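The structure appears right after this line, and notes come after that.
The values are calculated or read from the model by the stated rules, or taken from the named source; none is laboratory data. Because the structure is a prediction, the values reported are computed rather than measured. When we count neighbours, we look across all protein chains shown, and the Cβ atoms used for this are built from the backbone with ideal geometry, even at glycine.
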Amino acid sequence: MATQQPADRAEAAADGRDQPAVGPYIERFDAILVQAGFAPMAARTFVALLVTDSGALTAGELSRMLAASPAAISGAVRYLSQVGLISREREPGTRRHIYRILDDVWTEVSARQDQVLARWAAAAREGIGLLGPETPAGQRMAESLDFLEFVQGERPAMMARWREHRGPGR
């Protein structure tokens with residue numbers, strides 16, 4: 001059995017779908033991610049991997065798919081790798097790397113949000129101490145802390161419900 005070549009992998013992603021609609025869809029989805037704080041090229045790269053059936057592309061394939069420079073793709077995949085949303089693997093039999101979307105990537109995104117919430121809560125606690133709990137600013141910080149702690153407390157049960165919803169072995 002022949003190893004699937006990169007061009008074949010990119011073409012295989014187009015089977016059975018309205019390929020001309022995929023590019024505009026990537027742009028719409030990446031715009032939502034940019035509004036949420038993603039860097040634009042990282043958002044486009046993430047969505048490109050998400051919409052590809054294999055969930056994996058080389059830098060060259062990403063560059064062609066997104067009409068982006070190799071340097072832009074390099075920066076995007078470096079960022080996505082550093083934040084733990086994609087993996088970098090050696091393409092068998094070549095010196096090229098394949099960038100793969102992580103399995104259960106949204107759970108990974110959620111775990112990152114937990115870390116952010118914890119940092120925000122720590123900053124709010126520090127703010128309360130600095131501003132004084134009885135001042136209007138301190139009270140705003142206390143309300144912020146109360147909300148952040150509430151969300152943090154609810155997330156474990158939500159994630160357990162998600163695992164139950166997905167079913168065993170998935």
- prompt: How many of the residues making up the stretch 113-157 are of a type in the set (A, V, I, L, M) and farther than 21 Å from residue 36 by Cα?
  reply: 10
message: I'd like to verify a number: residues in the stretch 134-170 that are modelled with pLDDT under 95 and outside any helix (DSSP H, G or I), how many?
response: 4
query: Of the residues that sit in the stretch 34-46 and are modelled with pLDDT of 95 or more and within 14 Å of residue 105 (Cβ to Cβ), which one is surrounded by the most Cβ atoms within 10 Å (Cβ to Cβ)?
result: 45
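Condition test on residue 137, is it out of contact with any strand residue (DSSP E or B) (no Cβ under 8 Å at 6 or more places or on another chain), closer than 30 Å to residue 50 by Cβ, not assigned by TED's automatic domain parsing to the domain that holds residue 83 and not acidic (Asp, Glu)?
Taking the combined requirement at face value, the residue does not satisfy it.
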query: Can you name the condition, by its number, that residue 84 falls short on among (1) in a loop (DSSP other than H, G, I, E, B); (2) more than 14 Å from the chain's Cα centre (by Cα); (3) not acidic (Asp, Glu)?
result: (2)
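For the subset of the stretch 121-140 comprising residues that are of a type in the set (A, V, I, L, M) and touching a Gly at 6+ places or on another chain (Cβ under 7 Å), which member is farthest from residue 153 (Cα to Cα)? Break it down stepwise before answering.
Residues of the stretch 121-140 that are of a type in the set (A, V, I, L, M), as a first pass: 121-124, 128, 130-131, 137.
Narrowing the set further to residues that are touching a Gly at 6+ places or on another chain (Cβ under 7 Å) leaves 128, 131.
Working: 128: 20, 131: 25 Å.
It comes out as 131.
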task: Consider residue 69 carefully, then state whether it is without any contact (Cβ under 8 Å) to a residue 24 or more places away in the chain, in contact with a Phe, Trp or Tyr (Cβ under 8 Å, 6 or more places away or on another chain) and either of a type outside the set (Asp, Glu) or in the same structural domain as residue 30 (by TED's automatic domain parsing) (or both).
output: no
query: Does any residue of the stretch 91-106 turn out to be under 10 Å from the mean Cα position of the chain (by Cα), modelled with pLDDT under 95, surrounded by 15 or more Cβ atoms within 10 Å (Cβ to Cβ) and in a helix (DSSP H, G or I)?
result: yes
